[in-house]
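Encoded as structure tokens, the structure appears first; notes follow it.
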Amino acid sequence: MADSYLSKTPNASNRKTLTISVWLKRSSLGASPIFTANTDISSDASGHFAFDGDDTLHFRSWPGSSPYAFLQMTQRKFIDTTAWYHIVVAQDTTQATDTNRIKIYINGVQETLSTATYPSQNYDGYFNSNILHNVGRGNDGGIKFFGGHFAHFHFVDGSALAPTVFGETDSTTGEWKPKLNPSVTYGTNGFFLKFENAGALGTDSSGNSNTYTLNG
């Protein structure tokens, strides 16, 4: 997205249970934000879903000072700039078992984590709070933008969903492919960005009219 990004400040909603699903293709490596929730000051509390500087993927909540409230970081590095990845993060901090509170899936398969610090039960994260949310932009030690392409970006407010809601295995090729019109209840702040209109990339196709503003 070069230095372009989408932004919106939603009203506060369910901060315990949510799903992020996105198809993406990287064009540059290194630190690259996917979806963030914070103000423009790097010391402020934030939710962060991004590729790190070493090309691992992380999902974390930072209360503005150490330690992290939670941190999930993948073991593998995502360095293939020719591949499309389908990434799903399902968060449900109401779960009694800590390992069920956050799950990361790549192309339909739950990912192995190198770091897994889980949130406390019923923890309220920063996604879905009444602060600035950015698609493709972050402020983690300096402003950064996502380098690559997005397709079919879903945010679900109030449900932690499996990757099979958004994708399926092609019966002929065996490849993981998107469901173009998945059956999803998006909740109050939920959205579905198809990026169909170059002049209105932030248009929400969920039926909620939660359109994001294009910047840059």
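The values are calculated or read from the model by the stated rules, or taken from the named source; none is laboratory data. Please read all numbers here as calculations on a predicted model, not as lab measurements. Heads up, the Cβs are rebuilt from the backbone with ideal geometry, glycines too, and the neighbour counts pull from every protein chain shown. Just the protein is used for accessible areas: all its heavy atoms, side chains included, with ligands, DNA and RNA removed. Shrake-Rupley method; radii C 1.70, N 1.55, O 1.52, S 1.80 Å.
Only one residue in GLU196, GLU168 is over 30 Å from THR94 (Cα atoms) and acidic (Asp, Glu), so which one is that? Walk me through it before giving the result.
Values: GLU168 fails: over 30 Å from THR94 (Cα atoms).
Selected residue: GLU196, the only one of GLU196, GLU168 that is over 30 Å from THR94 (Cα atoms) and acidic (Asp, Glu).
Here are HIS152, HIS133: which of them is within 22 Å of SER28 (Cβ to Cβ) and touching a Lys or Arg at 6+ places or on another chain (Cβ under 9 Å)? Talk me through it step by step, then tell me what you get.
On the way: HIS133 fails: within 22 Å of SER28 (Cβ to Cβ).
Result: HIS152 is the single residue among HIS152, HIS133 that is within 22 Å of SER28 (Cβ to Cβ) and touching a Lys or Arg at 6+ places or on another chain (Cβ under 9 Å).
Select, from GLY142, GLY136, the only residue that is open to solvent by less than 40 Å² (accessible area, probe 1.4 Å), at pLDDT below 95 and of a type outside the set (A, V, I, L, M).
Numbers: GLY136 fails: at pLDDT below 95.
Only one candidate passes the filter, namely GLY142.
Among the residues that make up the range 54-76, is at least one of them among the β-branched types (Val, Ile, Thr) and open to solvent by 30 Å² or more (accessible area, probe 1.4 Å)? Before the answer, list the steps.
Of all residues in the range 54-76, those among the β-branched types (Val, Ile, Thr) come to 56, 74.
Retained after the next criterion (residues that are open to solvent by 30 Å² or more (accessible area, probe 1.4 Å)): none.
No, the range 54-76 contains no residue that is among the β-branched types (Val, Ile, Thr) and open to solvent by 30 Å² or more (accessible area, probe 1.4 Å).
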Review point. Which ones in the range 207-216 are in a loop (DSSP other than H, G, I, E, B) and surrounded by fewer than 18 Cβ atoms within 10 Å (Cβ to Cβ)?
Key: GLY207, ASN208, SER209, THR211, GLY216
**Study point:** Filtered residues of the range 149-192 (kept if in a strand (DSSP E or B) and open to solvent by 80 Å² or more (accessible area, probe 1.4 Å))
**Key:** HIS149, THR169
